[in-house]
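Working notes, beginning with the structure itself.
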Amino acid sequence: MPLPNDWIAYLKETPLPVRREVHQQVCRALWSDEVDQGVLVGWLRRDPGACAFIMGTAARAQRARERTAPHSLDHALSLLGITWAKSEIPKLPVLEDVLTDALRLGGYFMALSRSLHAARHAESWLIEFRDTNYEIVVLATLLHNFIELALWRDAPELAQASLARVRDGLDKTFGQALFHVLKEHGVDLSQLEQELGAYYYLPTQLYLDESASPMLARQHQTIVLLARRLCFYSEEGWYHEGIMSIKQQVALMLNRDQSSTDQLIHKTAIQTAHEFDPMGFYCSAKMLVEASPVQRGIWPLPSDYGIPPTNQQRALLGISERVTRHRHDPLLMLKGLLASLIEGLHCRSVVVYGVGRGGQMLSLSINKRPAEEPVPQHLTLGTNPLFQRLFAGNKAILVQEENRSKLIRLVDDQGQQLIGTDCYLQTLSWQGKPFVLLIVDVHSGLGVRDMAPVFDHFLQFWSA
């Protein structure tokens, strides 16, 4: 669906919807004989739409009186008064009534869970800093993806296009992707952020208000940025290059060692997963929990956003689903890996050798190469130093035209039959002993960029 003609004006006139459970609980709190503001605020903090409406209304009223903006949700409600709250908050639209299409609602829920997840991480870091202004920064983090939420409501295909740009490597961050997609549709992201920031008191307005204290503003901006990127990247897993870089930046910011920082991040993520469970929200922290039950909808699929997954993502998902259930059975884990390579990456030429009890003889276990290509039945490690070196750890190497002439000297005649074509070699040891050698042939549509992340993901679960 196309964006409204004047989308900025439309966003100002039409507040974001509020999740049904939050709407019901807030109304119940407001209709009590005596309003418990602690309970009221607790529920409001669970929905960015409700928070943006209240904070924005209070900030605009204060600005009209040339006074400073509210510094918390409690403060905003106190400024607006209980009569206003009882009159206006119940009028907010209910999310499940506004978005009846499953795709739009699913995308909105994913973005909503990410905003809540990011806010929880920001709060944990602000507590580490003993920052007395933590409440307003947590709210800013909660509202960091206000525009994405609005897109899922008003133009879900643009939200999908932005996510696809990041997925396909055209942009590194969702913000960059959003800039390009909105520009194609005549929307200036900077102007949009500026106007909505002032109207709903989004993060950009907070940074502007704190500009008199540049160090504080910079720290708060860094916290919001790292929290939003951490939660976005976590949907792809917790140990890939992108998220590892974010974790390192968090450790530097908190002046903590990497191990304790990782523990803090993972602890917060798992606590958030428990919080989300009764809400029915997806949470990427489920990937951190060993033996977490694999159910439909738990593992992150781009199809949750309506974007077809790539072959590599199918393979990664397959490993997560199959391998985590068999952490202590190497044969079943290997079977899960092979199924993911064949079904996900469409590998059609795979050879597997098992290592005998003596640790020196390899015997052919699986041969998926074409019948016309000879494959030796046995290999001896002693006459194949290349394979022997790879078994020094769970190591891998890509054999291709550039290095074949050097590597071919490190294998005997049988080994040369295996590496005569471009292939990816991966050794796996189990409990300190060589276990299997995998050879996956590389063709024009399948390269090391596709396979290496799949094997890296698998090795997180493999016991060397």
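The values are calculated or read from the model by the stated rules, or taken from the named source; none is laboratory data. What you see is a predicted model; the values in this text were computed from it and never measured. Heads up, the Cβs are rebuilt from the backbone with ideal geometry, glycines too, and the neighbour counts pull from every protein chain shown.
When restricted to residues that are among the hydroxyl-bearing types (Ser, Thr, Tyr) and assigned to a helix (DSSP H, G or I), region 316-357 contains 3. Could you tell me whether Glu128 is surrounded by fewer than 20 Cβ atoms within 10 Å (Cβ to Cβ) and farther than 30 Å from Met253 by Cβ? In short, no.
Glu157 passes every criterion in (1) within 25 Å of Val138 (Cα to Cα); (2) in a helix (DSSP H, G or I); (3) in contact (Cβ under 8 Å) with a residue 60 or more places away in the chain apart from (1). Could you tell me which numbered condition Asp188 fails, if it satisfies all but one of (1) of a type in the set (Asp, Glu); (2) surrounded by 15 or more Cβ atoms within 10 Å (Cβ to Cβ); (3) free of Cβ contacts under 8 Å to residues at least 60 places away in the same chain? The single condition Asp188 does not satisfy is (2).
Where helices (runs of 4 or more DSSP H) fall wholly inside region 31-146, the ranges with 2 or more residues that are of a type in the set (S, T, N, Q) and in the same structural domain as Cys231 (by TED's automatic domain parsing) are 102-129.
Scanning region 228-248 for residues that are assigned to a helix (DSSP H, G or I), among the small types (Gly, Ala, Ser) and either surrounded by 19 or more Cβ atoms within 10 Å (Cβ to Cβ) or over 12 Å from the mean Cα position of the chain (by Cα) (or both) returns Ser234, Ser245. Screening Thr57 against (1) over 20 Å from Tyr201 (Cβ atoms); (2) touching a residue at least 24 places away in the same chain (Cβ under 8 Å); (3) among the β-branched types (Val, Ile, Thr) leaves a single unmet condition, (1). Take Ala164 and tell me if it is of a type in the set (A, V, I, L, M), in contact (Cβ under 8 Å) with a residue 40 or more places away in the chain and within 25 Å of Thr310 (Cβ to Cβ). Against the criterion (of a type in the set (A, V, I, L, M), in contact (Cβ under 8 Å) with a residue 40 or more places away in the chain and within 25 Å of Thr310 (Cβ to Cβ)), Ala164 qualifies. Counting the residues of region 3-27 that are part of a loop (DSSP other than H, G, I, E, B) and in contact with a strand residue (DSSP E or B) (Cβ under 9 Å, 6 or more places away or on another chain) gives 2. Restricting attention to region 167-185, the residues that are in contact (Cβ under 8 Å) with a residue 24 or more places away in the chain and more than 15 Å from Gly242 (Cβ to Cβ) add up to 3.
Restricting Asp101, Asp188 to residues that are within 30 Å of Ala76 (Cα to Cα) and more than 18 Å from the chain's Cα centre (by Cα) narrows the list to Asp188.
Applying the criterion of being under 29 Å from the mean Cα position of the chain (by Cα) and either outside any helix (DSSP H, G or I) or not polar (S, T, N, Q) (or both) to the residues of region 200-214, the residue that is surrounded by the most Cβ atoms within 10 Å (Cβ to Cβ) is Tyr201.
Listed conditions (1) over 24 Å from Gln194 (Cβ atoms); (2) crowded, with 23+ Cβ neighbours inside 10 Å; (3) at pLDDT below 95 are all met by Val137, apart from (1).
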